[in-house]
1. Place a point 7 Å from the Cα of C:Asp97 along the Cα-to-Cβ direction; which residues of the stretch B:130-146 have their backbone N under 20 Å from it?
2. Starting with the fewest neighbours, write out B:Val13, B:Val211 ranked by other beta-carbon atoms found within 10 Å of each beta-carbon.
3. Can you compute the label reach from D:Leu199? Point 7 Å from Cα along the Cβ direction, backbone N cut-off under 17 Å, restricted to the stretch A:353-376.
4. More than 32 Å apart: what percent of Cα pairs in chain C qualify?
5. For the protein assembly as shown, rounded, prolate or oblate, judged on the Cα gyration tensor with a ≥ b ≥ c (square roots of eigenvalues), a/c < 1.5 rounded, else prolate if a/b > b/c?
6. What percent does the relative contact order of the stretch A:383-473 come to when contacts are Cα pairs within less than 8 Å and at least six residues apart?
7. How high is the relative contact order of the stretch C:1-104, in percent, with contacts defined as C-alpha pairs under 8 Å that are six or more residues apart?
8. Cα-Cα over 19 Å: which of C:Lys217/C:Lys293; C:Lys125/C:Lys158; B:Lys294/B:Lys314; B:Lys113/D:Lys202; A:Lys387/A:Lys437?
Amino acid sequence: MTTTTHPVLELAGIHKSFPGVKALSDVSLRLFPGEVHALMGQNGAGKSTLIKVLTGLYQPDAGTITLDGQAIQPKRTEDAQAHGIRTVYQEVNLCPNLSVAENICAGRFPRKWGRIDWAAVNADAERVLKQMDLDIDVTAPLSRYSLSVQQMVAIARALRISARVLILDEPTSSLDDAAVQRLFTVLKRLRDQGLAILFVTHFLDQTYAISDRITVMRNGETEGEYLAADLGRLALVNKMVGAPPDQQPTRLDSRASAGGDTFMTVEGLARRGALQPLDLTLRRGEVLGLAGLLGSGRTEAARLLFGADAADAGHITLQGRARRWQSPRDAIAAGIAFCSEDRKHEGAILDLSVRENILLALQARTGLRLCMSHEQQQALADDYIRKLGIKTASADTPIGQLSGGNQQKALLARWLATQPAVLILDEPTRGIDVRAKEDLMDQVRALAHAEDGQAGMAVVFISSELPEVLHCSDRVLVMRDRRAAGEYRRGELDERSVLEVIAAEPAPQAATA
Amino acid sequence: MAAPSFTTWVSVVLMGLLFVAGATSYTGFGSTQVVLNLLIDNAFLLVIAVGMSFVILSGGIDLSVGSVLALTTMVAAWLLQVAQWPAALVIAVVLLGGALFGALQGLVIHVFKLQAFIVTLAGMFLARGLCFLISVDSITIDAPLFVSLSQTQIPLLGDAFLSPGAVIALAVLGAGLWIAHCTAFGRTVYALGGNETSALMMGLAVGRTKVAVYGLSGFCASLAGLLFAFYMLSGYGQHGQGVELDAIAAVVIGGTVLTGGYGYVAGALSGVLVLGLIQTLIAFDGTLSSWWTKIVIGVLLFVFCAVQRLLSLKKAQH
Amino acid sequence: APLTMGFSQVGAESEWRTANTASIKSAAKEAGITLKFADAQQKQENQVKAIRSFIAQKVDVIAFSPVVESGWDTVLKEAQKAGIPVILTDRAVKVADPSLYVTFIGSDFVEEGRKAARWLLEHAKKSPNAALNIVELQGTVGSAPAIDRKKGFEEVLKTNPKLQIIRSQSGEFTRAKGKEVMESFLKQRDKKIDVLYAHNDDMAIGAIQAIEEAGLKPGKDIVIISIDGVRGAFEAMKAGKLNVTVECNPLLGPQLMQLAKDVVAKKPVDKRITVNEGVFTADMAAKELPNRKY
Amino acid sequence: MSSPTVTLTPTPPSAAAARRPWQHPLFRPLAALALLLAIAAISVPGFLHLEIKDGRLYGNLVDILHRAAPLMLAALGMTLVIATRGIDVSVGAIVAISGTVACVLAASHGVAVAFGAALGAALLCGLWNGLLVAGLGLQPIIATLILMVAGRGLAQLLTDGQILTVYEPASFFWLGAGYVLGLPVSFYVVALVAGLTALLMKRTALGLFIQTVGINPVAARLAGVRTAAIVFFVYVYCSLGAGLAGLLISSNIKSADANNAGLLLELDAILAVTLGGGQLNGGKFSLAGSLIGALIIQTLTSAIYALGVPPQVTMVVKAVVVFAVCISQSSIWSARRSK
Ligand SMILES: Nc1ncnc2c1ncn2[C@@H]1O[C@H](COP(=O)(O)OP(=O)(O)OP(=O)(O)O)[C@@H](O)[C@H]1O
Ligand SMILES: Nc1ncnc2c1ncn2[C@@H]1O[C@H](COP(=O)(O)OP(=O)(O)OP(=O)(O)O)[C@@H](O)[C@H]1O
Ligand SMILES: [Mg+2]
Ligand SMILES: [Mg+2]
């Protein structure tokens, strides 16, 4: 199939509201075969909602969906699938108890004599994962793997069956560069085969690297549809934000802080199958970045620092005193905060309000006695909602009703509210929009480099986005194969040299666990 | 949750220990027939537990099974004795009825987005109440097919024998294993239990599977009712009181996690056997008063679960 | 070798039942019989399991109080095949082949209901023209004593159309439910309640409390009839709060043990042995109370 | 921060929408209760009649409150247990234990000791359940099943299987059968317990923690909530409520019936929680909803008695009403209406 002038999928006049929230109003979108179409917009602009409407998960209040010139009304995801629409939703929506292979094949198992052909299932799964260069045990339960692997599995599931339309909602939010490149290779191939691909991301680089056409959404409305080649970055950002063109926010302070006094040192921290012995020093007033590839052990290191997992070996010294964490409570009491990469399972308490979610850690540290009066709670929550630009109807809205990026901001607020001495941020920029990301990084640096002369927090910043890490950190610890591969000061490293460190000869014992 | 497959094995080993303890303490305990009696006497429970396994694996619960069992015996007895229907037809009708009853509950749960617990609790009242509408008294069954099924003994090595009911129950277990592990329906059940929203977003047939799961459980309950009718040759509204709790306990002891998604249908067998063994031990002891019987059942249950849990914990750490 | 008896009891659901169990246990000890006791917790399937295990243990004689009448053919056949004689206590069973059990010793629930009604007929004769409104507290729905005691009572009651059961509700054989249901009966003021018939003493005792709390005098404003004859009933009668209780004797132990010895010794025994049971009225209560063992 | 805050909707916070009376979560349970009462009042004239007799309020409505008291206490505890995604099936057994302990000690040691010991026994039961669930990590249903089976046995062991009747002291009967200011004491007991619980939930962070643990235990632990302690607490609390319910019951019938006291109370308590709108998979809970749920159940029972429904039909009627109430509470109706 070559380029045709008829869109394969067309949405027109879509309206959708939730009680008290108008999520989509008069949205339209066209998808042509053989193109990658980027859907851009700030957090809470309505991208995910649009995708859910399009795939039958939500029913639109008004509007039409046309596939190949025929109006369709998908009532369930099954219907959308039957129409040849495959989707990867924003959060990883797979079953943690099933094996990787099952997650990939569920719904369409290869069969033999009326029974599931398990050998074929596993082979199939391995084949798709191979496309993305992922070589893992497909018979292990999905929950065994880190979020990024799970995200790859979700993508693999969508790629397994050939379809007409492929929809990817922030598939790359926790993938590292290499994985993104592999994904793009696959996507380009599919595009050339005539597939229509809808792609949501907050990474401008990625948008320009792959998309042919861009639809921008703002406040639940379609702002406009553009050819990627015709729309500059700055223009794109301004269209998303809806502000008149202003200067690039390059306010980032470039002071290479020497850091304050050593706050916490870690020697030989290790856990079998997760982390090789690791030494680490955290200083107040300094941002320590952890760089590395998928599964390089950054998350594990953070979890051990926080006591979320029990370490097999190692010593933690905090302000000169030896400490042991029995549980995260101990770490929190000592002034450590940890914002997990997996907001759905380890962060958000979905049915509780934004206010309660923000206050939770502070309250847990205080104990049963209320940490503040109701009015103060409200004020504190409103304060963070404003400061972090959390887009929510009110502080009383259940956090589950926020868009993904806004949930992430609320969880960050939870930990900022405890005013920790050490703040560990595991992929804090995951799923938040361009502007918010810059703001966040500013904020992170501001937290460390307190203005008034006092030493700020010690921040540990983990991100799969190398530029972010380099941008933000005073010191970068590069990890590889679950061990430290080198430590560098700000300015000593650029992107290429980090990549070289990471890509250095693979350690022989890497394949264990 | 700790590795459920390991839990199942722990159950099997502990069961072996329990049996050896019985065999060394009580004369006659170690005979083959005692082991086979475990199957014969608990055949109906095993069938229900297989159905219940699916429900629990899907993240639900079915409290109506005991009452559906009773209703089945009652309807079967009434159709046979009062309406004089042929036995084969009666069997077909009650099996269909049970599946329908279960499926209707599933439908209510799915369509109205209600909690399984409360819907099946109402179903439990309903089925039990319907029994008493038919008759408050028990009805004796003397249909030749039922009598012969009741009294046939399938000889196995030497004197020992198995009842047709036990054989049917084992066949149901086999079918259950096959469905759970080799069919798309079975895997969807696991997916549902793992995360229902995800299953929905993966485009799996959530609604149909839910209805089918409760239908299957209802079918198993009425099949168990038939086995019960073979076993007792009577229909009675008070039959099978509390069987739902026994079945849930059996499934959970067999290593299935009550919140769904983790476990094996095979665990139902070990769970049922453990409960049966505890009862047999107490019957062989024969010195316990009514209240000590309860206390000892509780203590044995505790020891069993605690040991199983501690061993699994240890295993999970390694 | 001493005789071994396997005994499967229904459960421990009431005072009556515990007295029954106690009697059997102590009688076995006295008679030098080894007793294998199994409690079925009100479930027939548990009784069947227990009987199977008795067969496996090769006891000399099996006795049991069946939870319900039907459904015993198969397991009793197995006992017969193993050559173990079976004695029924407390309640009969319906089996196609009566040779499956040797004998039955126990009470007749229908007869108890009749006795209660007969007493009421006598009582009604005192004021022949008055119509009496009766409320009934039934036992657990579907249980044999509830069905039979209702049946016997109604059967005799039919002979006097002036006596009408105006309300009948299940009190599940317990004090708490008996009280709750009676409370509700008393709230309905369309008809005056003259007589209360309770299927067991426990419910009657609960109902008495409800009547007192409603400001009435049990035994006087409302005539109360119940069945079983447990100690609590005698105390209530002594206090004038209960008019009559029909005895249902649980103390079968000694008779059962003798019977077991006879059966094992292959002496001929009657197929049906009834126990001596009386009807006790309030005026006999004070004298009888010290004799009550349970 | 300079990120532009975008206002979403012209209408102020969504709480405004929830403030409409029929959208209040308690609306439907209350409506169900009112409907039941209305049906009973129409079919049984005088069902709602109240009068003063001997200085007491007398009538079906008082009876419903009085009889529902033990269930309400049990339902309060069950609400919290369920909020942590647990379940406690040992409630009935604990009722039996506490009632029995009280009756065993009442005559010999006085009422204070008897009640104290009974609550102490309930406390022990709660500690045991908590230990198994929070400490050992057993699944709640199995952990509490152990006590459900053994507890009744223990109670019977104390009385040798007999029903123990208490003749004195008379103060023993005050709790379950006494009246203050025309209302049964049990009413005040429930009000006090419910009030204290509500206060505990509102004035401390306990309510927040309980919900957190129920909705997402992993995230709760990472946020520093003492998950095990919370779980432990709810089982102890639930047992204490059940113990108090046991006291009410045995004080009311002046005896301890170890075999029958509180039989299947756990199922009714769970039913009450769900009828009141509680979710069995943990999270948000409503104490008031559970109390209303308990009242619905008791009203239904009382109405069945008053209507003279034959006992063999009772179960079917109950089932139909439960189905009707549940379906009327289904979330799909509100979803439809909001469109
Ligand atoms: N189930 C829901 N109930 C109520 N409001 C909702 C629900 N789902 C989404 N919303 C609201 O709809 C708006 C659009 O959310 P959506 O998830 O589509 O944003 P998004 O563009 O995907 O943002 P992000 O980039 O952060 O993922 C948000 O304001 C959100 O609060
Ligand atoms: N080939 C692989 N690629 C990616 N992840 C893997 C691979 N093999 C194993 N893993 C998973 O990676 C996890 C350890 O990585 P961890 O999450 O600590 O590192 P990370 O650097 O934070 O990576 P991620 O970006 O995945 O979070 C383990 O749970 C392991 O199961
Ligand atoms: Mg989104
Ligand atoms: Mg990570």
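No value in this document is a laboratory result; all are computed from the given coordinates. Computed from a prediction, not measured in an experiment: that's the story for all the values here. Note that each Cβ is placed from the backbone with ideal geometry, even for glycine, and that neighbours are counted across all protein chains shown.
1. Residues passing the 20 Å test: B:140-146.
2. Numbers: B:Val13 13, B:Val211 21.
Result, fewest neighbours first: B:Val13, B:Val211.
3. Answer for this model: A:369-370.
4. Numbers: 13011 of 43071 pairs.
So the portion of pairs separated by more than 32 Å is 30 percent.
5. Values: a/c = 2.12, a/b = 1.86, b/c = 1.14.
Here the protein assembly as shown falls in the prolate category.
6. Numbers: 90 pairs, mean separation 24.1, N = 91.
This gives 26 percent for the stretch A:383-473.
7. Values: 175 pairs, mean separation 28.4, N = 104.
About 27 percent, as a whole number.
8. Values: C:Lys217/C:Lys293 28 Å; C:Lys125/C:Lys158 15 Å; B:Lys294/B:Lys314 30 Å; B:Lys113/D:Lys202 30 Å; A:Lys387/A:Lys437 13 Å.
In this structure, C:Lys217/C:Lys293; B:Lys294/B:Lys314; B:Lys113/D:Lys202 exceed 19 Å between Cα atoms.
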